[in-house]
Amino acid sequence: MAIALLSVGLLGLLVFLLGANVSRERQSVAVTQFEAEANPKSGLRKSIRAHGNCIEYVPMLSLMILALGLRLPLLPWWIAALMIGAVVSRYVHAAGILTGGSIYEANMMKRIGAGGTYITGLILSIVLIVRASGLF
């Protein structure tokens with residue numbers, strides 16, 4: 001359960017750090033906010049996209065991680081590794097968006113983060129379905 005709680009805590013921290021970064025960027029825009037949001041290379045646009053993308057995946061990952069943590073207090077090592085992998089993937093993806101040139105340009109960090117999110121999310125989903133089917 002400790003790994004599940006740590007994972008959810010780190011995912012929550014990422015959401016709020018990215019949100020605070022958006023607020024910081026909004027205060028520092030030298031041009032109008034509309035112009036900064038329209039520019040795919042602006043820090044504000046990248047911050048908004050990183051936060052928005054995080055919000056798309058973190059809630060479901062957190063629910064799945066907590067559900068497994070509650071159901072399996074002594075997690076098998078591979079499920080704990082999936083949880084940690086999901087967290088690392090989200091951090092890597094956010095860093096890829098924030099450090100990339102444009103939000104539209106693919107880069108290795110975004111690819112690794114997105115791929116890791118999809119793989120860990122799919123496997124965690126399957127594990128939950130298999131565990132639930134044993135309850136019927």
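The values are calculated or read from the model by the stated rules, or taken from the named source; none is laboratory data. Since this is a predicted model, take the numbers as computed values, not measurements. As a convention, Cβ positions derive from the backbone with ideal geometry for all residues, glycine included, and neighbour counts pool all protein chains shown.
Just a few scattered comments:
- Selected residue [within 19 Å of Ile55 (Cβ to Cβ) and at pLDDT below 95] from Ile65, Ile97, Ile103: Ile103
- Arg45 being under 25 Å from Leu5 (Cα atoms) and either of a type in the set (Gly, Ala, Ser) or more than 11 Å from the chain's Cα centre (by Cα) (or both): no
- Helices (runs of 4 or more DSSP H) fully within region 12-119 counting 2 or more residues that are surrounded by 18 or more Cβ atoms within 10 Å (Cβ to Cβ) and among the aliphatic types (A, V, I, L, M): 43-71, 77-99
- Check on Ala80, in contact with a Cys (Cβ under 7 Å, 6 or more places away or on another chain) and either closer than 24 Å to Glu25 by Cα or of a type in the set (A, V, I, L, M, F, W, C) (or both): no
- Search result, residues across region 73-112 that are more than 15 Å from Ser7 (Cα to Cα) and touching a residue at least 40 places away in the same chain (Cβ under 8 Å): His93, Ala94, Ile97, Leu98, Gly100, Gly101, Ser102, Ile103, Tyr104
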